[in-house]
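The values are calculated or read from the model by the stated rules, or taken from the named source; none is laboratory data. Small disclaimer: the values here were computed from a predicted structure and weren't measured. Ideal geometry is used to build each Cβ from the backbone, glycine not excepted, and the neighbour counts take in all protein chains shown. Surface areas here come from the heavy atoms of the whole protein model, side chains and all, with no ligands, DNA or RNA. Shrake-Rupley method; radii C 1.70, N 1.55, O 1.52, S 1.80 Å.
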Amino acid sequence: MHLFQPIELSELTLNPFSQIGKDWFALTASDGEKVNTMTAGWGGFGVMWGKNVVFAVVRDSRYTKEFMDSADTFSLTFFDMGKKSNRSTLQYLGAVSGRDEDKIESAHLNVNYHEGTPFIDEGSSAYICRKMYAGPMPKDFFIDNEIDTKWYSNNDYHNLYIGEITAFLAR
């Protein structure tokens, strides 16, 4: 296991548009017995209810949704994208379902824990989050009808999760 150190959020210099939208992250949660992860490229950081938070979305069809729904905590692990192999790993984690195989093991990754919350040990940093909100994103609430047409033609809608950042860890 790698040694991760807690870093104060006030010390972060991050561009969420490149870190999330371009580089992606591994969203990881546990159901109490097993751990599952998936690649995500949508989400955000902000302040909600007086807390520093992350916003993550998970489609109904994703196996990780079951873990997110049963867990009180989850993590976002970011990788050093200067290493080409990390892009391939994230592509694999996004394409293969944990229902079908232990994709963490198949990707030669290891799970580490911070106060009981799993994250991917091979990452360069991880946000540990306490779930504050979980809810569906039904098409009836889209103001821009193009969203439904463009992103949900198969009716596989996202669920929104808001988590308080309780720790930020970096190598």
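Report P(r) for the chain: all Cα-Cα distances, bin width 5 Å, range 0 to the bin holding the largest distance, values in whole percent.
Pair shares across the bins are 1, 8, 18, 22, 22, 16, 8, 4, 1, 0.
Quick one: Kirkwood hydrodynamic radius for the range 114-161, alpha-carbon pairs, angstrom, one decimal? All intermediate terms of the calculation are to be shown ahead of the outcome.
Working: mean 1/r = 0.0731 Å⁻¹.
About 13.7 Å, per the Kirkwood formula over Cα pairs.
If you roll a 1.4 Å probe over the heavy atoms of the protein chains, what accessible area per residue do you get for the range 2-62, in Å²? Mind dumping the intermediate values first?
Numbers: 3450 Å² over 61 residues.
On a per-residue basis, the range 2-62 sits at 56 Å².
Using 20 Å as the cut-off for backbone N distance, which residues of the range 138-169 belong to the label zone defined by a point 7 Å from the Cα of ARG99 along Cα→Cβ?
Residues passing the 20 Å test: 152-160.
When the chain is modelled as a GNM with alpha-carbon springs shorter than 10 Å, which of ILE128, ILE147, ILE120 fluctuates the most?
Ranking ILE128, ILE147, ILE120 by mean-square fluctuation puts ILE147 first.
So how much slack lies between LEU14 and LYS51, counting 0.36 nm per residue of separation and subtracting their Cα-Cα distance, in nm? Intermediate values should be presented prior to the final figure.
Details: separation 37, 0.36 × 37 = 13.32 nm, distance 1.77 nm.
Length gained between LEU14 and LYS51: 11.6 nm.
Percent relative contact order of the range 33-171, based on C-alpha pairs within less than 8 angstrom and at least six residues apart?
Values: 222 pairs, mean separation 44.1, N = 139.
With pairs under 8 Å counted, the relative contact order is 32 percent.
Picking from THR89, THR77, THR64, which is most flexible by a Gaussian network model of the chain using Cα springs under 10 Å?
Answer for the Gaussian network model of the chain: THR89.
Would you pull out the residues with amide H under 5 Å of ASN52's amide H, same chain only if 5 or more places away, H placed 1.01 Å from N?
ILE165
Charges on Cβ only, +1 for Lys and Arg, -1 for Asp and Glu, centred on the Cα centroid of the range 102-169; of THR166, SER124, ILE104, which one is farthest towards the dipole's positive end?
The listed residue farthest towards the positive side: THR166.
Calculate I(q)/I(0) for the range 1-81 by the Debye formula, one identical point scatterer on each C-alpha and no solvent, and give its log10 at q = 0.26 Å⁻¹ to two decimals.
For the range 1-81, the Cα-only Debye profile gives -1.39.
Output ³J(HN,Hα) for the range 4-15: one whole-Hz value per residue in order, computed from phi by the Karplus curve 6.51 cos²θ - 1.76 cosθ + 1.60 with θ = phi - 60°, and x for Gly and Pro.
10, 10, x, 10, 5, 4, 5, 8, 6, 10, 9, 10
What share of all Cα pairs of the range 29-126, in percent, falls into each consecutive 10 Å distance bin?
14, 50, 31, 5
If r is the Cβ-Cβ distance from SER85 to ALA134 and R0 is 35 Å, what FRET efficiency results, to the nearest 0.05? Let's see the in-between values first.
Values: r = 33 Å, r/R0 = 0.93.
Computed FRET efficiency for SER85 and ALA134: 0.60.
At 222 nm, what value in deg cm²/dmol follows for the chain if DSSP H runs of at least 4 each add -39500 (n - 2.57) and the sum is divided by all its residues, to the nearest 500?
Values: 5 runs with 37 residues, N = 171.
Helix-only estimate at 222 nm: -5500 deg cm²/dmol.
Quote the charge dipole size of the chain about the Cα centre in Debye, to the nearest 20; the model charges only the Cβ of Lys and Arg (+1) and of Asp and Glu (-1). Don't jump to the answer; show the numbers that get you there.
Numbers: 16 positive and 23 negative charges, 73 e Å.
Roughly 340 debye for the chain.
For the range 90-143, list log₁₀ I(q)/I(0) at each q in 0.13, 0.27, 0.30 Å⁻¹, using the Debye formula over Cα point scatterers of equal strength and ignoring solvent, two decimals each.
So the normalised log intensities work out to -0.52, -1.08, -1.15.
Identify, among SER18, SER61, ALA40, the residue whose Cα sits farthest towards the positive end of the charge dipole of the chain, taking +1 on the Cβ of Lys and Arg and -1 on the Cβ of Asp and Glu, with the dipole about the Cα centre.
SER18
Ranked from highest to lowest mean number of other Cβ atoms within 10 Å per residue, what is the order of the peptides 1-12, 105-116, 24-35?
Values: 1-12: 10.6, 105-116: 14.2, 24-35: 20.3.
The most tightly packed comes first, giving 24-35, 105-116, 1-12.
Which ³J(HN,Hα) values, rounded to whole Hz and listed in residue order, are derived for the range 143-148 from phi using the Karplus coefficients 6.51, -1.76 and 1.60 in 6.51 cos²θ - 1.76 cosθ + 1.60 with θ = phi - 60°, glycine and proline given as x?
Each residue of the range 143-148 in turn: 7, 8, 5, 5, 4, 5 Hz.
Only Cα pairs under 8 Å and at least 6 apart count here; give the relative contact order of the range 7-80 as a rounded whole percent. Walk me through the numbers on the way to the answer.
Details: 103 pairs, mean separation 26.1, N = 74.
Dividing the mean separation by the residue count of the range 7-80 yields 35 percent.
Report, in listed order, any pair from LYS65/LYS150; LYS83/LYS150; LYS22/LYS139; LYS65/LYS103; LYS83/LYS131 with a Cα-Cα distance greater than 24 Å. Intermediate values should be presented prior to the final figure.
Details: LYS65/LYS150 22 Å; LYS83/LYS150 32 Å; LYS22/LYS139 26 Å; LYS65/LYS103 16 Å; LYS83/LYS131 31 Å.
In this structure, LYS83/LYS150; LYS22/LYS139; LYS83/LYS131 lie more than 24 Å apart at Cα.
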